[in-house]
Amino acid sequence: MRREWYVFWAVIFIGLTGCPTYEDEFSGRYRETPTAERITCFERRECGLLEVDFFRFGDFSQAIVREFDRGPRNTAANPFVELTRCYWTRTDRFREDSFNLAFERRTGGIRGITNDSEMSLEFIDSESTFDLELTEEEPRPDCATVGDYSMAVTYEGQLEAEHQIENPVFVMLWLGLERVDTPGGTVYTGTQGFSTFLRLPSTSVNASGTSLSGRVDLIQITPPDERFLSQSGDTSYAIGHFVIVDDTPGESGRFTWARSEEPIIATTIEAGAEGWDLSSAYSGKALLFVQGSLLELDPALQERIVNLEGYEYVDQNFFIVDVVADGRDIVEIKLPERRIPEWPRLRATGEFLDQTEINLPRLFPFNSL
């Protein structure tokens, strides 16, 4: 909100003082006109399409860069529906028709040239150039970004099964539910994937290859992709599980997960008395991500959170929570009592060695009638 008032009053002040160099014709919302190559990149979820809110006041300028990733609402035919991320730039000089603006809270920046209703944009740390076109929409000074979440984990335990641990990888596994409206009614289909992974050191595995032990003191958890978010009330959320996957021996670098060949070998969820047959209750720690505030969730979902009333940290986006599940559904959530919670502990398990389907619990988007 302070940022919005800053831009608003900067423009008003310059207008009232009659600054002779003030020109407003370059201010506006500019939207990328993507090439076929950029559309292909977008469809493959390898990049997001760009939109820039540009503010010109006197001899100075400032901008917000917005990115829109491919998702259920953002399609190739209509990609600019739901914002994925945005970044403010710092204020700097505007030179006739060009600008060079550093980002405010991250490295890099943008440089560009405006020409009537068009903008040529380049990221300072990239050689790629993007063509944008002025829209009829007014620029908006709003950019509520969600940063990464820093946390730690420990892991331990013996596998009670004949399995040699070869190449353990910590994975932040997101399990979402996508709403699909069909002629016969509304159904929800499961989505799953990860936004963060970390290859664990070889010292994490004992000499016999049957147990895990170790600690990671700093993991940067990135916000979940849009395809793992579920709409609830005036915001959206995702539920994530802390797991360790045994990757193919010899694999290094970027992790890709072939679930039929690379099993989960540790989790923070404790199986029920009858194991993972989904017929009994089980519990453990999970990561709850909320795009906005907890108080913006649908009231029916808020009722699942047992200690929400009077909670101090409703706007912090990431919450390491205790969950209770019945079958595939999480039925109860308890928020951490402290802002810096107890870090999760993963325990080795052989329950998933022969499973090709992910049976960890999901959080259904309960809605009020």
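Based on what the data block shows, is Y237 surrounded by 14 or more Cβ atoms within 10 Å (Cβ to Cβ), touching an Asp or Glu at 6+ places or on another chain (Cβ under 6 Å) and in contact (Cβ under 8 Å) with a residue 24 or more places away in the chain?
Values: surrounded by 14 or more Cβ atoms within 10 Å (Cβ to Cβ): yes; touching an Asp or Glu at 6+ places or on another chain (Cβ under 6 Å): no; in contact (Cβ under 8 Å) with a residue 24 or more places away in the chain: yes.
No: the conditions fail for Y237.
For the stretch 219-233, what are the residues that are closer than 14 Å to E82 by Cβ and part of a loop (DSSP other than H, G, I, E, B)? So that I can check it myself, show each step before the final result.
Keep residues of the stretch 219-233 that are closer than 14 Å to E82 by Cβ, which gives 223-231.
Of everything in the stretch 219-233, those that are closer than 14 Å to E82 by Cβ and part of a loop (DSSP other than H, G, I, E, B) turn out to be P223, P224, D225, L229.
Go through the stretch 272-304 residue by residue and tally those that are closer than 15 Å to S368 by Cα and either at pLDDT below 95 or not polar (S, T, N, Q) (or both). Working first, answer last.
We begin by selecting, within the stretch 272-304, every residue closer than 15 Å to S368 by Cα; these are 295-304.
Then drop every residue that is not either at pLDDT below 95 or not polar (S, T, N, Q) (or both), which leaves 295-301, 303-304.
Residues in the stretch 272-304 being closer than 15 Å to S368 by Cα and either at pLDDT below 95 or not polar (S, T, N, Q) (or both): 9 in total.
Residues in the stretch 178-194: is at least one out of contact with any helix residue (DSSP H, G or I) (no Cβ under 6 Å at 6 or more places or on another chain), surrounded by 21 or more Cβ atoms within 10 Å (Cβ to Cβ) and polar (S, T, N, Q)?
no
Working carefully through the options R339, R347, find the one that is open to solvent by 80 Å² or more (accessible area, probe 1.4 Å), out of contact with any helix residue (DSSP H, G or I) (no Cβ under 7 Å at 6 or more places or on another chain) and modelled with pLDDT under 85. Let's see the steps before the verdict.
Working: R347 fails: modelled with pLDDT under 85.
The conditions single out R339.
Can you name every residue in the stretch 86-102 that is open to solvent by 70 Å² or more (accessible area, probe 1.4 Å) and over 10 Å from A63 (Cα atoms)? Please lay out each step first, then the result.
First, pick out the residues of the stretch 86-102 that are open to solvent by 70 Å² or more (accessible area, probe 1.4 Å): 90, 93, 95-96.
Scanning the stretch 86-102 gives R93, R95, E96.
Is the stretch 132-150 home to any residue that is of a type in the set (D, E, K, R), in contact with a helix residue (DSSP H, G or I) (Cβ under 8 Å, 6 or more places away or on another chain) and at pLDDT below 90?
Taking the stretch 132-150 first, the residues of a type in the set (D, E, K, R) are 133, 136-138, 140, 142, 148.
Checking the rest, the ones that are also in contact with a helix residue (DSSP H, G or I) (Cβ under 8 Å, 6 or more places away or on another chain) come to 142.
After this cut, where a residue has to be at pLDDT below 90 as well, the list is 142.
Yes, there is a match, as at least one residue in the stretch 132-150 is of a type in the set (D, E, K, R), in contact with a helix residue (DSSP H, G or I) (Cβ under 8 Å, 6 or more places away or on another chain) and at pLDDT below 90.
Looking at the stretch 141-153, which of its residues are hydrophobic (A, V, I, L, M, F, W, C) and either assigned by the TED database to the domain that holds D53 or part of a loop (DSSP other than H, G, I, E, B) (or both)? Walk me through it before giving the result.
Taking the stretch 141-153 first, the residues hydrophobic (A, V, I, L, M, F, W, C) are 143-144, 146, 151-153.
Those that are hydrophobic (A, V, I, L, M, F, W, C) and either assigned by the TED database to the domain that holds D53 or part of a loop (DSSP other than H, G, I, E, B) (or both): C143, A144, V146.
Being within 23 Å of S252 (Cα to Cα) and at pLDDT below 85 is the requirement here; does S211 meet it? Outline the logic, then answer.
Numbers: within 23 Å of S252 (Cα to Cα): yes; at pLDDT below 85: no.
Judged against the criteria, S211 is not a match.
Would you mind telling me which numbered condition in (1) of a type in the set (F, W, Y); (2) over 24 Å from D148 (Cα atoms); (3) crowded, with 19+ Cβ neighbours inside 10 Å F364 fails?
In the conditions (1) of a type in the set (F, W, Y); (2) over 24 Å from D148 (Cα atoms); (3) crowded, with 19+ Cβ neighbours inside 10 Å, F364 misses (3) alone.
Could you list, in sequence order, all residues of the stretch 103-116 that are closer than 18 Å to E127 by Cβ and either open to solvent by less than 40 Å² (accessible area, probe 1.4 Å) or part of a strand (DSSP E or B) (or both)? Steps first, answer last, please.
Step one: filter the stretch 103-116 for residues closer than 18 Å to E127 by Cβ, giving 103, 107-113.
Those that are closer than 18 Å to E127 by Cβ and either open to solvent by less than 40 Å² (accessible area, probe 1.4 Å) or part of a strand (DSSP E or B) (or both): F103, G108, G109, I110, R111, G112, I113.
If you scan the stretch 58-85, which residues turn out to be aliphatic (A, V, I, L, M) and either surrounded by fewer than 16 Cβ atoms within 10 Å (Cβ to Cβ) or within 30 Å of G190 (Cβ to Cβ) (or both)? Can you show your working first?
Of the residues in the stretch 58-85, the ones aliphatic (A, V, I, L, M) are 63-65, 76-77, 81, 83.
Within the stretch 58-85, A76, A77, V81, L83 qualify.
Which one of these does F55 not meet: (1) more than 23 Å from F228 (Cβ to Cβ); (2) buried (at least 16 other Cβ atoms within 10 Å of the Cβ); (3) out of contact with any Pro (no Cβ under 7 Å at 6 or more places or on another chain)?
For F55, the failing item is (3).
Of the residues E166, E156, E138, which is within 23 Å of D247 (Cβ to Cβ), assigned to a loop (DSSP other than H, G, I, E, B) and open to solvent by 50 Å² or more (accessible area, probe 1.4 Å)?
Every option except E166 fails the conditions.
For the stretch 338-357, enumerate the residues that are in contact (Cβ under 8 Å) with a residue 12 or more places away in the chain and closer than 29 Å to P299 by Cβ.
R339, P341, E342, P344
Anything in the stretch 314-335 that is open to solvent by 50 Å² or more (accessible area, probe 1.4 Å), assigned to a loop (DSSP other than H, G, I, E, B) and under 19 Å from M151 (Cβ atoms)? List them, or say none. Show your work before the answer.
We begin by selecting, within the stretch 314-335, every residue open to solvent by 50 Å² or more (accessible area, probe 1.4 Å); these are 315, 322, 324, 326, 328-329, 331-332, 334.
Pick out the ones that are also assigned to a loop (DSSP other than H, G, I, E, B) and you get 315, 328.
Residue satisfying the conditions is D315 alone.
The values are calculated or read from the model by the stated rules, or taken from the named source; none is laboratory data. Here the structure is a predicted model, which is why all the values come from computation and not from measurement. Cβ: placed from backbone, ideal geometry, glycine included. Neighbour counts: every protein chain shown. Side chains are part of the model used for accessible areas, which takes the heavy atoms of the whole protein and leaves out ligands, DNA and RNA. Shrake-Rupley method; radii C 1.70, N 1.55, O 1.52, S 1.80 Å.
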